Amino acid sequence: DTAVSQTPKYLVTQMGNDKSIKCEQNLGHDTMYWYKQDSKKFLKIMFSYNNKELIINETVPNRFSPKSPDKAHLNLHINSLELGDSAVYFCASSRVVGLNTEAFFGQGTRLTVV
Amino acid sequence: TQLLEQSPQFLSIQEGENLTVYCNSSSVFSSLQWYRQEPGEGPVLLVTVVTGGEVKKLKRLTFQFGDARKDSSLHITAAQPGDTGLYLCAGVARGSTLGRLYFGRGTQLTVWP
């Protein structure tokens, strides 16, 4: 009964490969996100979808492509992986309460590019 | 540009001590939140403050939202080793895209027994 689940938890791959991370939420939220957390623990937003529509697209290389088949799923595909892509990627979903947004995070996917 | 500045970045204290973590910005926020992240896990929401001057208590944790809604603080009384973790403040800036949640860089707290 995990609220936000993402797979895999660990991903080790070689430079140049293409990989995907999957995310699903069972909270009924309309908005989902991908965040990247670097080695210094800074959590930076990458993308946000609301009801399957892209609403936030930060300055992210176009090798990263999110896909939302329905509002409960948001996957992240990464082409031509580079060493600098190594980080922990978090999926999240959020509910809006008035003017407030409250986020619920998955456990993260630790991506290591070698 | 870092919208939310957290201090200190690292905090290492003994069990039983009190501590305060600060989250500051030059921007006005509709609300501010505090999250706690443990190793190998995602951040977990602790509290949301929405009204300027608001104070919320969660057991030994006290959260305050500044009167001008530009800053917040987290105070822990009699810290315990179980409080160890990364504390993150986050918020939606007034006028920004709904759902655009900005995070501070976090305060890594270690409480020694």
Lysines with Cα under 28 Å of A:Lys9, excluding same-chain neighbours fewer than 8 positions away = A:Lys19, A:Lys22, A:Lys36, A:Lys40, A:Lys41, A:Lys44, A:Lys52, A:Lys67, A:Lys71
If Lys and Arg each add +1 and Asp and Glu each add -1, what is the summed charge of the other residues whose beta carbon sits under 13 Å from the beta carbon of A:His77?
-> +2
Determine the relative contact order of chain A: mean sequence separation of Cα pairs under 8 Å and six or more apart, normalised by residue count, in whole percent.
-> 36 percent
A correct Karplus calculation of ³J(HN,Hα) over segment A:46-61, with 6.51 cos²θ - 1.76 cosθ + 1.60, θ = phi - 60°, whole Hz and x for Gly and Pro, returns 10, 9, 9, 10, 10, 6, 6, 9, 6, 10, 10, 9, 6, 6, 10, x
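From the mean inverse distance of alpha carbon pairs (Kirkwood) and the Cα radius of gyration, derive Rg over Rh for chain A.
0.96
At a threshold of 8 angstrom on Cα-Cα distance, excluding pairs fewer than six apart, so keeping six or more, what relative contact order does chain B reach in percent? Don't skip to the end; give the middle numbers.
On the way: 293 pairs, mean separation 41.1, N = 113.
Contact order relative to length: 36 percent.
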So between B:Val28 and B:His75, what do we pick up on full extension, going 0.36 nm a residue minus the alpha carbon distance?
-> 14.8 nm
If you count, for every residue in A:91-99, the Cβ atoms of partner chains within 10 Å of its Cβ, what is the mean?
-> 3
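With charges set only on the Cβ (+1 for Lys and Arg, -1 for Asp and Glu), what does the dipole of the protein assembly as shown come to about its Cα centre, in debye to the nearest 20?
180 debye
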Net charge near A:Thr101: determine it from the other residues with C-beta under 13 Å of the C-beta of A:Thr101, scoring Lys and Arg +1 and Asp and Glu -1.
-> +1
Can you tell me the Rg and the Dmax, both Å, for the Cα atoms in the protein assembly as shown?
-> 17.6, 51
Would you calculate the separation in nanometres between label points at B:Thr62 and A:Leu83, each defined as 7 Å from the Cα along the Cα-to-beta-carbon direction?
-> 4.9 nm
Highest mean packing first, using Cβ neighbours within 10 angstrom, the peptides A:72-79, B:6-13, A:36-43 sort as A:72-79, A:36-43, B:6-13
FRET efficiency for A:Asn62 and B:Asn18, using Cβ-Cβ distance with R0 set to 35 Å, rounded to 0.05 = 0.15
Sequence-distant residues sharing a close amide H with A:Met46 (under 5 Å, placed H) = A:Trp34, A:Tyr35, A:Lys36
B:Tyr22: net charge of surrounding residues, Cβ under 9 Å, Lys/Arg +1, Asp/Glu -1, itself excluded?
-> -2
Evaluate E = 1/(1 + (r/R0)^6) for A:Met15 and B:Leu3, where r is the Cβ-Cβ distance and R0 equals 41 Å; express this FRET efficiency to the nearest 0.05.
-> 0.80
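Each reported figure results from applying straightforward, stated rules to the coordinates on display, with no laboratory input. As the structure is a computational prediction, the values presented were derived from the model and not from experiment. Because the Cβ atoms are built from the backbone with ideal geometry, glycine has one as well, and the counts that use them run over all protein chains shown.
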